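This report concerns only the one structure given below.
Bear in mind that the values in this text are calculations on the coordinates, not laboratory data. Treat the numbers as computed from the prediction; the structure is a model and nothing was measured. Note: ideal-geometry Cβ built from the backbone for every residue, glycine included; neighbour counts use all protein chains shown.
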Amino acid sequence: MCKFEVGVPIQNEQQGTISLKYAQQVSAQTANRAAYAVLSEAHSGEMLAVLCIDFKEEYRRALGEQVSGSRVSECVTAGIETVYFDLPEGVKP
């Protein structure tokens, strides 16, 4: 499992106020592009932990280009609910 936390500022000098809708859209689109970039270059048998690290680095770089001041990090903020993707209904991680 590849765990990470995404933070997008509500305002920055370059873009001014950043709406929640825009932050959600750009975060999701950028995550998809970063995943594609990493996974399309992955080799058979490559360790998932390595792919996770590569994904987070690519996501951090690409999201920073879209929204200055954004971050992709380890899960560190208390109280944020973890959102799981691609788990069959009823399956707990």
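Mind checking the dipole of the stretch 4-93: about its Cα centre, +1 per Lys or Arg Cβ, -1 per Asp or Glu Cβ, Debye to the nearest 20?
Working: 7 positive and 12 negative charges, 48 e Å.
Roughly 220 debye for the stretch 4-93.
On a 0 to 90° scale, report how tilted helix 20-39 is relative to the longest principal axis of the chain, with both axes built from alpha carbons and the result rounded to the nearest 10.
Orientation of helix 20-39: about 40 degrees from the principal axis.
Given the options Thr77, Ala62, Ala34, identify the residue whose Cα lies farthest towards the positive end of the charge dipole of the chain (+1 on Cβ of Lys, Arg; -1 on Cβ of Asp, Glu).
Farthest towards the positive end: Thr77.
Which distance in Å, rounded to a whole number, links the C-alpha centroids of the stretch 51-93 and the stretch 13-33?
Between the Cα centre of the stretch 51-93 and that of the stretch 13-33, the gap is 14 Å.
So how far apart, in nm, are the two label points at Cys75 and Ala28 if each is 7 Å from Cα heading toward Cβ?
Calculated label separation equals 2.0 nm.
Might you report the magnitude of the Cβ-based charge dipole of the stretch 20-65 about its Cα centre, with Lys and Arg at +1 and Asp and Glu at -1, to the nearest 20 debye? Mind dumping the intermediate values first?
On the way: 5 positive and 6 negative charges, 57 e Å.
For the stretch 20-65, the charge dipole is close to 280 debye.
Excluding residues on the same chain fewer than 8 positions from Lys92, give the aspartates and glutamates whose Cα lies under 19 Å from its Cα.
Glu81
Hey, what D do you get for the chain in µm²/s if you plug the Kirkwood alpha-carbon radius into Stokes-Einstein at 10 °C and 1.306 mPa s?
Working: Rh = 14.5 Å.
Translational D for this selection: 109 µm²/s.
Pick from Ser70, Ser27, Ser40: which residue has the top mean-square fluctuation in a GNM of the chain where Cα pairs under 10 Å get a spring?
Ser40
Residue by residue, what Karplus-based ³J(HN,Hα) values in Hz, rounded to whole numbers, does the stretch 66-79 have, using 6.51, -1.76 and 1.60 with θ = phi - 60° and x for Gly and Pro?
Running phi through 6.51 cos²θ - 1.76 cosθ + 1.60 with θ = phi - 60° gives 7, 9, 4, x, 6, 9, 10, 9, 5, 6, 10, 7, 5, x Hz.
When only DSSP loop residues count, what GluC sites (Glu not before Pro) in the stretch 46-93 have their Cβ near at most 16 other Cβ atoms within 10 Å? Could you put the intermediate results ahead of the total?
Values: sites: Glu46, Glu57, Glu58, Glu65, Glu74, Glu81, Glu89; in loops: Glu46, Glu74, Glu81, Glu89.
Passing sites in the stretch 46-93 are Glu46, Glu74, Glu81, Glu89.
Once phi is turned into ³J(HN,Hα) by the Karplus curve 6.51 cos²θ - 1.76 cosθ + 1.60 with θ = phi - 60°, what whole-Hz value does each residue of the stretch 42-51 show in order, with x for glycine and proline?
5, 9, 3, x, 5, 5, 4, 4, 5, 4
Given the options Ala23, Ala37, Ala49, which has the most mean-square fluctuation in a GNM of the chain, springs set between C-alpha atoms less than 10 angstrom apart?
Comparing Ala23, Ala37, Ala49 in a Gaussian network model of the chain, the most mobile one is Ala49.
Using only alpha carbons, build the gyration tensor for the stretch 1-47 and give me the equivalent ellipsoid semi-axes, biggest first, whole Å. The partial results should precede the final answer.
Values: eigenvalues 171, 24, 15 Å².
Semi-axes, largest first: 29, 11, 9 Å.
Of Gln24, Gln14, Gln66, which has the largest mean-square fluctuation in a 10 Å C-alpha GNM of the chain?
Most flexible of the set in this elastic network: Gln14.
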